[in-house]
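Visitor: The following block contains the structure, expressed as structure tokens.
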Amino acid sequence: MSTNQYRIALAALLHDIGKFAQRAGVSLSRSWDDETLREFRYHHALHTWHFIEKHVPAEFKVSLLAAYHHAPQNAEQRLIRLADQLSAGERDSGDTARDDGDRKAHPKQLHPIFAQIALNGQPHPEAGKHNRFFLPLGELRLEEERIFPQSEPMAEEAVWRTYAEMWEAFTTAAERLKASVEAGEMDLPAYVEAMQALMMRYTWSIPAAYWKTYADTSLYDHSRMTAALAVALADLPPERLAALGEAWRSGAAEANDAHVALLIGGDVSGVQQFIYTIAAKGAAKMLRGRSFYLQLLTEAVLRFVLRKLDLPTTSVIYSGGGNFYLLAPISVAPRLDALQAEIAEILTRYHDIDLYLVLGRAEVPLRGFRLGAFPEFWGQMHADIQRRKARRYAEWSLEKMYAEIFAVPEYGGNPDNVCSVCGSERRATRGWEDGKRICTLCASFANDLGKILPKAKAVRWVWEGVQPQKDPFHADWHTALEAFGARPALLQEWPQSLPAGQSLWALDDPPEAYALTAPL
């Protein structure tokens with residue numbers, strides 16, 4: 001992926017960070033005349049410029065790209081504006097930029113989306129009362145009082161004090177990230193991912209907008225979707241983007257049908273059977289290990305897809321439980337079938353036909369980002385996933401299918417070398433319970449991954465320089481992940497540093513020093 005695309009992703013991710021500063025009561029370090037304010041158009045955009053100039057490495061050159069999203073002066077700035085407008089379209093089809101009023105008028109807290117859910121066309125039992133549910137302000141932590149909605153809002157003074165404390169912690173962490181870049185310890189792609197994790201921790205419960213809209217979208221979600229859309233739109237010619245921007249604002253029907261983004265869904269089939277393929281001996285460890293391995297495998301496959309399609313982590317909508325969803329440029333669509341075939345080959349090598357990944361897709365037109373329109377294309381993507389699930393390995397030739405699936409394995413045909421857990425005869429086995437045998441992979445789920453996991457504090461991922469093992473016969477839980485270019489390690493102590501090309505999954509709330517970069 002080009003450096004310029006990462007710049008666009010970073011600028012889009014930070015375009016509204018000035019709203020956070022406003023709500024924290026931040027005063028700019030100098031006075032600004034009316035002409036300058038007119039140039040930026042809104043106070044929050046000026047705050048965005050100020051934050052980036054002060055806390056983001058100057059070498060990335062994104063301050064004007066991010067801050068001029070309401071008054072664009074060139075093609076790149078117009079790109080960020082359109083991405084912002086499309087992202088806000090899920091929230092409000094009107095003008096969602098007007099948030100420059102007195103900070104006392106800002107919503108105190110974010111409302112949970114579940115308060116508005118209606119089932120089978122019936123109104124929510126709390127209809128008319130949903131404004132009384134609030135998500136607590138504060139850094140995202142695995143604590144009941146932090147992640148569950150409350151029926152009473154925080155006191156007025158507590159709200160603004162919390163905003164100020166969060167902003168101070170956020171900017172302190174941003175300074176440390178900046179220092180890591182200046183010390184040569186972090187490049188632009190790693191910085192984008194780290195900044196996204198930082199925003200998740202501090203802006204997950206901050207309302208993205210409040211003007212004539214119900215505040216149930218967080219600043220984090222709006223910002224990351226703006227970044228995903230900006231990368232998708234960056235593939236289009238500048239003149240086309242200008243026309244699409246005009247079409248969006250005018251509501252021109254013919255232009256609104258133009259496809260602007262590709263919605264991709266990755267779905268690993270065979271999940272339930274894989275997880276619950278366990279033996280009586282060590283059942284708890286086996287179940288825990290297989291379940292967590294599936295999470296690791298989903299992440300490894302997702303990163304593999306991102307690398308192959310030249311997409312940053314900001315393009316990910318959701319990942320977990322054997323599923324992931326992306327927003328990508330339309331131009332990547334012709335590459336998906338070959339990519340699915342490549343992934344199927346790796347999975348078959350290590351998991352036989354137990355696990356299979358399909359990549360469903362749907363092209364989303366401009367109108368798909370209007371209020372209430374997106375579910376139509378979400379449904380199209382899932383329908384495509386189901387069609388592909390019903391035609392497993394259709395991307396392979398018959399010759400390849402026979403060679404990979406139906407051929408007698410090199411080490412097969414020996415009933416004494418069949419795993420009593422998964423039934424595979426393609427891997428080495430050893431003694432297990434009641435005179436039975438277990439393969440190296442199943443044994444590693446129970447005796448390695450499942451045993452260590454309860455004591456682990458984090459997972460360290462290595463993404464660069466990973467050399468896959470060449471011997472599937474002796475595969476363990478690392479092997480398939482390394483084939484996708486990922487090497488995870490379960491850590492029982494927090495690492496002192498994260499070199500370039502690595503990232504961290506926190507399995508519990510990290511200590512203060514790690515609140516900077518470690519996503520949950």
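The values are calculated or read from the model by the stated rules, or taken from the named source; none is laboratory data. If you're wondering where the values come from, they're calculated on a predicted model, not measured in any experiment. Note that each Cβ is placed from the backbone with ideal geometry, even for glycine, and that neighbours are counted across all protein chains shown. Heavy atoms of the whole protein, side chains included, go into the accessibility calculation; ligands, DNA and RNA do not. Shrake-Rupley method; radii C 1.70, N 1.55, O 1.52, S 1.80 Å.
Visitor: Sort through 316, 358, 332 and tell me the only one that's open to solvent by less than 60 Å² (accessible area, probe 1.4 Å), touching a residue at least 24 places away in the same chain (Cβ under 8 Å) and under 22 Å from residue 257 (Cα atoms). Don't jump to the end; show me each part of the working.
Guide: Values: 316 fails: under 22 Å from residue 257 (Cα atoms); 358 fails: under 22 Å from residue 257 (Cα atoms).
Just a single option satisfies the conditions, and that option is 332.
Visitor: On the given criteria, is residue 376 in contact with a helix residue (DSSP H, G or I) (Cβ under 8 Å, 6 or more places away or on another chain) and without any contact (Cβ under 8 Å) to a residue 12 or more places away in the chain?
Guide: yes
Visitor: Let me ask you something else. Take residue 494 and decide whether it is in contact with a Pro (Cβ under 9 Å, 6 or more places away or on another chain), modelled with pLDDT under 90, surrounded by 14 or more Cβ atoms within 10 Å (Cβ to Cβ) and of a type outside the set (Ser, Thr, Tyr).
Guide: Numbers: in contact with a Pro (Cβ under 9 Å, 6 or more places away or on another chain): yes; modelled with pLDDT under 90: yes; surrounded by 14 or more Cβ atoms within 10 Å (Cβ to Cβ): yes; of a type outside the set (Ser, Thr, Tyr): yes.
Yes.
Visitor: Right, here's the next one. State whether one or more residues within the stretch 221-239 are among the aliphatic types (A, V, I, L, M), over 30 Å from residue 135 (Cα atoms) and modelled with pLDDT under 90.
Guide: No - not one qualifying residue is present in the stretch 221-239.
Visitor: Oh, and also: From 453, 504, grab the single residue that is in contact with a helix residue (DSSP H, G or I) (Cβ under 6 Å, 6 or more places away or on another chain), outside any loop (DSSP other than H, G, I, E, B) and surrounded by 15 or more Cβ atoms within 10 Å (Cβ to Cβ). Reasoning before the result, please.
Guide: Numbers: 504 fails: in contact with a helix residue (DSSP H, G or I) (Cβ under 6 Å, 6 or more places away or on another chain).
Residue meeting the stated conditions: 453.
Visitor: Which numbered condition trips up residue 164, out of (1) farther than 20 Å from residue 114 by Cβ; (2) open to solvent by less than 30 Å² (accessible area, probe 1.4 Å)?
Guide: (2)
Visitor: Is it the case that the stretch 118-130 has a residue that's open to solvent by less than 60 Å² (accessible area, probe 1.4 Å) and either modelled with pLDDT of 85 or more or in a helix (DSSP H, G or I) (or both)?
Guide: So far as the stretch 118-130 goes, yes, one or more of its residues are open to solvent by less than 60 Å² (accessible area, probe 1.4 Å) and either modelled with pLDDT of 85 or more or in a helix (DSSP H, G or I) (or both).
Visitor: Related question: I'd like the full set of residues that are buried (at least 18 other Cβ atoms within 10 Å of the Cβ) and part of a helix (DSSP H, G or I), limited to the stretch 276-293. Give the steps one after another, and end with the answer.
Guide: Just the residues of the stretch 276-293 that are buried (at least 18 other Cβ atoms within 10 Å of the Cβ), to begin with: 277-279, 282, 285-286, 288-293.
If the condition is that a residue be buried (at least 18 other Cβ atoms within 10 Å of the Cβ) and part of a helix (DSSP H, G or I), then 285, 286, 288, 289, 290, 291, 292, 293 are the ones that fit.
Visitor: Contact list please: Cβ distance under 6 Å, first residue in the stretch 155-176 and over 19 Å from residue 51 (Cβ atoms), second residue of a type outside the set (Phe, Trp, Tyr) and open to solvent by 20 Å² or more (accessible area, probe 1.4 Å), pairs at least six apart or on different chains.
Guide: Every condition considered, the pairs that remain are 159/108.
Visitor: Let me ask you something else. When you check residue 477 against the structure, is it open to solvent by less than 30 Å² (accessible area, probe 1.4 Å), at pLDDT 90 or above and assigned to a loop (DSSP other than H, G, I, E, B), yes or no? Lay out the reasoning, then the answer.
Guide: Values: open to solvent by less than 30 Å² (accessible area, probe 1.4 Å): yes; at pLDDT 90 or above: yes; assigned to a loop (DSSP other than H, G, I, E, B): yes.
Yes.
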